[in-house]
1. Within region 278-302, work out how many residues are free of Cβ contacts under 8 Å to residues at least 60 places away in the same chain and either in contact with a strand residue (DSSP E or B) (Cβ under 6 Å, 6 or more places away or on another chain) or part of a helix (DSSP H, G or I) (or both).
2. Being touching a Ser or Thr at 6+ places or on another chain (Cβ under 6 Å) and assigned to a helix (DSSP H, G or I) is true for just one of Tyr371, Tyr376. Which residue is that?
3. Can you name every residue in region 95-139 that is small (Gly, Ala, Ser) and buried (at least 24 other Cβ atoms within 10 Å of the Cβ)?
4. Might you check whether a residue that is at positive phi and either in contact (Cβ under 8 Å) with a residue 60 or more places away in the chain or in contact with a strand residue (DSSP E or B) (Cβ under 7 Å, 6 or more places away or on another chain) (or both) occurs anywhere in region 97-104?
5. Are any of the residues in region 65-79 in a strand (DSSP E or B), touching a Pro at 6+ places or on another chain (Cβ under 9 Å) and touching a residue at least 60 places away in the same chain (Cβ under 8 Å)?
6. Does region 284-330 hold any residues that are of a type in the set (Phe, Trp, Tyr) and over 22 Å from the mean Cα position of the chain (by Cα), and which are they?
7. Could you tell me how many of the residues in region 105-141 are touching a residue at least 60 places away in the same chain (Cβ under 8 Å) and assigned to a helix (DSSP H, G or I)?
Amino acid sequence: MHFIPFKYAKILENYQDLAEKLKKNNIKKVMIIVGKTISSKYNLHKDLMDILNKNGIIFLLYTNFTTTPLIKDIEDAALVYKESKAQALIALGGGSIIDAAKAVGVLVSNEGNIKKYQGIFKVKKKPPFMIAIPTTCGSGSETTFAAVIKDNDLNNFIIVSNKIVPDYCLLEPKMLKCLPDDAFNYSIMDTITHAIESYLNISATRKTKKFALKSLSLIKDNLNNAHSTKDDFVAYKALLEASYLAGRSFSRAMVGNIHSLTHGICSYYNLPHGMVNAIILPEMLKEYLKSNYCINKINKISKALNLQTLPDKIHNGLNVVDYILLLNGKFDIPLVLKELKEEDFDKISDHAYQEAHLFYCTPLIFDISDYKEILYLIKSNNN
């Protein structure tokens with residue numbers, strides 16, 4: 001992880017900068033992938049279309065993706081791209097839309113079914129030029145080298161490749177103004193989890209640790225203004241930057257035990273990813289505070305969040321736990337998951353174990369019983 005040359009998306013300044021980059025790459029026709037809700041309800045793509053028209057760039061607007069794009073949806077979009085003779089992709093949406101656009105790019109440039117590219121570094125040919133415009137401040141998908149896709153049976157699979165990282169991204173703060181409160185809250189908790197997990201992993205490098213701590217600091221300094229005023233675009237821009245930095249951090253250092261457990265839970269109960277991360281995070285941090293290695297690093301996290309109140313590192317670590325619980329309360333995120341069923345614990349824990357051991361350099365290596373213990377902690381007593 002320290003020596004692989006990872007690609008990352010470069011940040012565009014504004015829509016005119018976006019148009020200039022397209023013209024510089026001699027791109028005259030693009031396909032814009034936008035989710036149905038964004039296109040029909042919020043019209044967030046209007047400024048983008050206006051600037052493309054102004055610069056004489058032809059565009060095809062593709063709005064057939066739902067919030068959970070399936071393989072068939074991706075295949076349909078790739079066919080439209082080829083038939084339209086587009087030269088580039090612009091993805092405007094949340095993490096699932098950006099991930100879907102990455103998969104479209106893979107199919108445009110490579111042969112066969114998209115599941116052929118499941119796993120690590122299996123994409124042979126670079127997808128078309130791509131720009132991502134995130135409408136949430138959580139996934140970091142605009143700069144990650146992974147795409148999470150659902151097959152036609154609604155099971156998740158992951159494509160991991162340096163080749164699918166967007167070439168550029170535009171962090172437009174106006175996008176967050178229309179974000180529903182729950183989606184905004186879950187996005188923030190997802191970013192916090194990305195930053196904390198990537199910082200704690202033993203695969204973290206100097207750069208990824210710097211990005212993770214900066215991400216947390218930006219959230220702490222700007223979240224209240226963004227959450228209370230709804231018009232503080234400086235704060236919104238900072239939160240988009242926090243998501244981007246956390247994305248750069250976990251692209252290289254990866255996520256960990258929290259995400260591996262969340263992925264299993266979400267695949268069983270179709271719950272919001274960021275919400276489940278938020279519920280697991282404080283319980284996992286309390287477990288990590290039993291490790292000297294983690295205590296030192298969580299103490300540095302407390303400093304980035306301006307939560308150091310005593311010289312005692314465990315005390316400062318518990319301040320981080322309390323801060324997460326405070327945010328969860330503010331965001332109406334419950335302490336437990338009422339949907340969790342004990343009869344599913346073995347399968348969810350096995351899923352988490354397999355994912356973590358295959359992909360993540362976690363600070364503590366969990367076995368299946370460790371994951372089950374966390375599940376018991378976040379299970380409602382009523383089921």
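The values are calculated or read from the model by the stated rules, or taken from the named source; none is laboratory data. Since the structure is predicted, the reported quantities are computational estimates derived from the model, not experimental observations. Please note: Cβ atoms are built from the backbone with ideal geometry, for glycine as well, and neighbour counts cover all protein chains shown.
1. Keep residues of region 278-302 that are free of Cβ contacts under 8 Å to residues at least 60 places away in the same chain, which gives 282, 286, 289-290, 292, 295-296, 299, 302.
Of the ones still in play, those that are also either in contact with a strand residue (DSSP E or B) (Cβ under 6 Å, 6 or more places away or on another chain) or part of a helix (DSSP H, G or I) (or both) are 282, 286, 292, 295-296, 299, 302.
Matching residues across region 278-302 total 7.
2. Numbers: Tyr376 fails: touching a Ser or Thr at 6+ places or on another chain (Cβ under 6 Å).
Only one candidate qualifies: Tyr371.
3. Here is the first cut: in region 95-139, the ones small (Gly, Ala, Ser) are 95-96, 100-101, 103, 105, 109, 112, 119, 132, 138-139.
Those that are small (Gly, Ala, Ser) and buried (at least 24 other Cβ atoms within 10 Å of the Cβ): Gly95, Ala100, Ala101, Ala103, Gly105, Ala132, Gly138, Ser139.
4. Filtering region 97-104 down to residues at positive phi leaves none.
Checked region 97-104: no residue is at positive phi and either in contact (Cβ under 8 Å) with a residue 60 or more places away in the chain or in contact with a strand residue (DSSP E or B) (Cβ under 7 Å, 6 or more places away or on another chain) (or both).
5. Taking region 65-79 and keeping what is in a strand (DSSP E or B), we get 65, 70.
Retained after the next criterion (residues that are touching a Pro at 6+ places or on another chain (Cβ under 9 Å)): none.
No, region 65-79 contains no residue that is in a strand (DSSP E or B), touching a Pro at 6+ places or on another chain (Cβ under 9 Å) and touching a residue at least 60 places away in the same chain (Cβ under 8 Å).
6. Taking region 284-330 and keeping what is of a type in the set (Phe, Trp, Tyr), we get 288, 293, 323.
Passing the criteria: Tyr288, Tyr293.
7. Total satisfying the criteria: 1.
So that you can scan it fast, the table gives a plain yes or no per residue for (1) small (Gly, Ala, Ser); (2) surrounded by 19 or more Cβ atoms within 10 Å (Cβ to Cβ); (3) not assigned by TED's automatic domain parsing to the domain that holds Asn162:
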position	(1), (2), (3)
Val234	no, no, yes
Ala238	yes, yes, yes
Ala242	yes, yes, yes
Ala246	yes, yes, yes
Ser249	yes, yes, yes
Met254	no, yes, yes
Ile258	no, yes, yes
His263	no, yes, yes
Asn270	no, no, yes
